[in-house]
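Data first, discussion second: the structure below is written as C-alpha cells.
The values are calculated or read from the model by the stated rules, or taken from the named source; none is laboratory data. Predicted, not measured: the structure shown is a model, and the values here were computed from it. Glycine also receives a Cβ, built like all others from the backbone with ideal geometry; neighbour counts cover every protein chain displayed.
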C-alpha cells in the first residue's frame, strides 16, 4: 500500500515508454513523504480499444490511487496535483489527465502478512 493504477489509451505510450511513466508516478508518490518507498505499488493498464472519452476514442490518462486512511485532505490534494503536474509535463499533448484518491479503511484492510 499505496496502490497507483494508471489507466491510459495505448497511444499514450507511443512517445514515452511505460517504465518511464511508472517510474515518474512512483517517484512523485515517494517524494510526497506520505509513504514508505518499499510500500508504493504502481501498475499501468493501456487500452487499445473498448474505451471512450467524451464519446470518442481520444488519448487519456487516469490514475486511481488507493491509500490507507489517515492522510489529510490537503496532503491528498497535494499528491494529486503533483502526479497530474508530472504527467502533464511528460504528456503536454494529452487533453485528459486526471487522478482520484480513495482511502482504504485500516479496520477492513488485510494482506498476506496479517493472516
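Observations on the model:
- Where a residue in segment 46-72 is free of Cβ contacts under 8 Å to residues at least 60 places away in the same chain and its partner, wherever it lies, is part of a loop (DSSP other than H, G, I, E, B) and surrounded by fewer than 10 Cβ atoms within 10 Å (Cβ to Cβ), with Cβ under 7 Å and at least six apart: 69/105; 69/106
- Residue check, residue 32 modelled with pLDDT of 95 or more and exposed (fewer than 15 other Cβ atoms within 10 Å of the Cβ): no
- The sole residue among 16, 40 that is surrounded by fewer than 16 Cβ atoms within 10 Å (Cβ to Cβ) and in contact with a helix residue (DSSP H, G or I) (Cβ under 7 Å, 6 or more places away or on another chain) is 16.
- Scanning segment 83-103 for residues that are in a helix (DSSP H, G or I), free of Cβ contacts under 8 Å to residues at least 40 places away in the same chain, within 20 Å of residue 43 (Cα to Cα) and touching a strand residue (DSSP E or B) at 6+ places or on another chain (Cβ under 8 Å) turns up at least one hit.
- When residues of segment 47-78 are limited to those that are part of a strand (DSSP E or B) and over 12 Å from the mean Cα position of the chain (by Cα), the one surrounded by the most Cβ atoms within 10 Å (Cβ to Cβ): 60
- Set 44, 34: member being under 10 Å from the mean Cα position of the chain (by Cα) and within 29 Å of residue 112 (Cβ to Cβ): 44
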